[in-house]
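The values are calculated or read from the model by the stated rules, or taken from the named source; none is laboratory data. Computed from a predicted model, the values in this text were never measured in an experiment. No Cβ is skipped: glycine too gets one built from the backbone with ideal geometry, and neighbour counts run over all protein chains shown. Surface accessibility is based on the protein's heavy atoms, side chains included, excluding ligands, DNA and RNA. Shrake-Rupley method; radii C 1.70, N 1.55, O 1.52, S 1.80 Å.
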Amino acid sequence: MIPQFVGQLPPESTQQAVGYPSLFLLVALGALVPVVPTGALVSSAAVVALHQSSPFALLIVFAVASAAAFLGDICLYWLGGRGVRSKNGSKWLRTIRDRAAPERLAQAQQKLDEHGAVVLVLSRLVPAGRIPVMLACLLGRMPLRRFARGDVPACLAWAATYQLIGILGGSLFPEPWQGVVAAVGLTVLISAAPAMWRKTRARFSH
């Protein structure tokens, strides 16, 4: 599942043996440390899977990506929960706080109060929406089991969305690397769009 931008892709057996575990580890790591572009990884893996002969390649990418995202979310929530229960907090809780702007946290808390765990699904689909909602759940002392129940459909919807982006990019071009470039560009554009919109709105509001 790891694309090569120059030359041809390695044999499918090599891609599967190396690519699926790599995808799982990188997506799980990206859920724990939100600097890894996990959406682009899933879209790129979907492009490569689209060009494989195996009819199950896309299904495996979906299963691996959603499971890894869920595992990363649960680990981060558990680590953050330890910080909430501790008098001195923890570095993980501080990391989550640092990545949640106060206004985004306030919005997340309000939506969580109004709609409950359903907000978890939307938070994973909105760029930069996952961390504020997770912090709101932590500060609201939502039990891990309840968070996990809401996070399952959130991770499934997230993996399906970015896989569809990859399928769209891969279907437009004959070569896998071209589809990967298109998919990565589209995911970056989607991720940057909310921040660009907020800056534009703030500029014209003054």
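Would you call residue 74 of a type in the set (Val, Ile, Thr), in contact (Cβ under 8 Å) with a residue 60 or more places away in the chain and either open to solvent by 30 Å² or more (accessible area, probe 1.4 Å) or within 22 Å of residue 145 (Cα to Cα) (or both)? Against the criterion (of a type in the set (Val, Ile, Thr), in contact (Cβ under 8 Å) with a residue 60 or more places away in the chain and either open to solvent by 30 Å² or more (accessible area, probe 1.4 Å) or within 22 Å of residue 145 (Cα to Cα) (or both)), residue 74 qualifies.
Any residue that is surrounded by 18 or more Cβ atoms within 10 Å (Cβ to Cβ) and either charged (D, E, K, R) or closer than 23 Å to residue 86 by Cα (or both) - is there at least one of those in the stretch 116-128? Yes: the stretch 116-128 contains one or more residues that are surrounded by 18 or more Cβ atoms within 10 Å (Cβ to Cβ) and either charged (D, E, K, R) or closer than 23 Å to residue 86 by Cα (or both). Checking each residue in the stretch 131-152 for being open to solvent by less than 10 Å² (accessible area, probe 1.4 Å) and touching a residue at least 60 places away in the same chain (Cβ under 8 Å) picks out 134, 137, 138, 147, 151. Restricting the stretch 84-115 to residues that are polar (S, T, N, Q) and part of a loop (DSSP other than H, G, I, E, B), the residue that is most open to solvent (accessible area, probe 1.4 Å) is 88. Considered as a group, the residues in the stretch 139-152 that are touching a Leu at 6+ places or on another chain (Cβ under 7 Å) and at pLDDT 90 or above include one that is nearest to residue 65 (Cα to Cα), and that residue is 151.
In the stretch 10-20, of all residues being open to solvent by less than 50 Å² (accessible area, probe 1.4 Å) and modelled with pLDDT under 85, the one that is farthest from the chain's Cα centre (by Cα) corresponds to 10. Could you grab me the full set of residues in the stretch 21-62 that are part of a helix (DSSP H, G or I), open to solvent by 40 Å² or more (accessible area, probe 1.4 Å) and touching a residue at least 60 places away in the same chain (Cβ under 8 Å)? Residues satisfying the conditions are 50, 58, 62. Screening the stretch 162-185 for residues that are in a helix (DSSP H, G or I) and open to solvent by 60 Å² or more (accessible area, probe 1.4 Å) and picking the one that is modelled with the highest pLDDT gives 164.
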